[in-house]
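What follows is one structure encoded as structure tokens, with my remarks underneath.
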Amino acid sequence: EMLVPLVKAVQELSKKQDRLVSIIAVLQGAGQRSSSHDSLNPEEQKETTLQIELTNKSNVILYQNQPNPFDGSTMIRYFLPENTLGASMIVFYDMYGKEVNSIEIKEKGFGKIEVNTKGLVSGIYSYSIAIGGKVIDTKKMIKQ
């Protein structure tokens with residue numbers, strides 16, 4: 001009575017194993033394809049190339065502080081495009097949303113702020129970049 005269900009279970013496992021082995025072979029071959037695009041799957045031989053240009057020279061960018069988590073000091077990088085209008089600031093908040101400090105950014109382009117955090121207790125803090133009083137982006141940082 002138990003022989004038939006056991007045979008069926010072994011057959012199902014064998015099919016699953018065969019499928020997994022073929023998937024592994026395809027994945028291993030993905031990094032080793034030759035210029036002729038040899039592939040186990042004929043559908044993969046048809047390849048469409050799409051092109052896109054990325055630019056962020058017109059957007060304000062606030063980068064993640066480095067290192068994070070940190071102890072003692074950390075660095076924050078940013079980018080302000082030349083067409084930025086209004087006062088630019090980076091504002092620091094504690095984990096309760098209370099403003100800890102702020103700094104005005106007067107120069108356009110790429111910049112960085114070196115932040116001394118020796119006077120802070122350990123915890124999660126956030127910093128935001130604001131242009132003309134409007135918050136553009138916020139990041140979190142962890143003080144050890």
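Assorted remarks:
- Remark: spin-label model distance Ala25-Ser73 equals 5.7 nm, labels positioned 7 Å along the Cα→Cβ axis.
- Peptides 112-119, 15-22, 67-74 ordered by average Cβ neighbours within 10 Å, highest first: 67-74, 112-119, 15-22
- Those lysines that a straight Cα-Cα span of less than 24 Å connects to Lys139, excepting residues fewer than 8 apart in one chain: Lys57, Lys98, Lys106, Lys108, Lys112, Lys118
- Here's the list of aspartates and glutamates a cross-link from Lys46 could span, going by alpha-carbon distance under 20 Å and ignoring same-chain residues fewer than 8 apart: Asp38.
- Rounded percent of accessible protein surface that carbon and sulfur make up, region 46-143, 1.4 Å probe: 51
- Residues Val60 and Ser122, FRET efficiency given R0 of 30 Å [Cβ-Cβ distance, rounded to 0.05]: 0.50
- Contact order relative to length of region 61-144, as percent, for alpha carbon pairs under 8 angstrom and 6 or more apart: 37
The values are calculated or read from the model by the stated rules, or taken from the named source; none is laboratory data. Everything numeric in this text was worked out from a predicted model, so none of it was measured. Quick reminder, even Gly has a Cβ in these numbers, built from the backbone with ideal geometry, and neighbours come from all protein chains shown. Areas reflect the complete protein model, heavy atoms only, side chains present, ligands, DNA and RNA absent. Shrake-Rupley method; radii C 1.70, N 1.55, O 1.52, S 1.80 Å.
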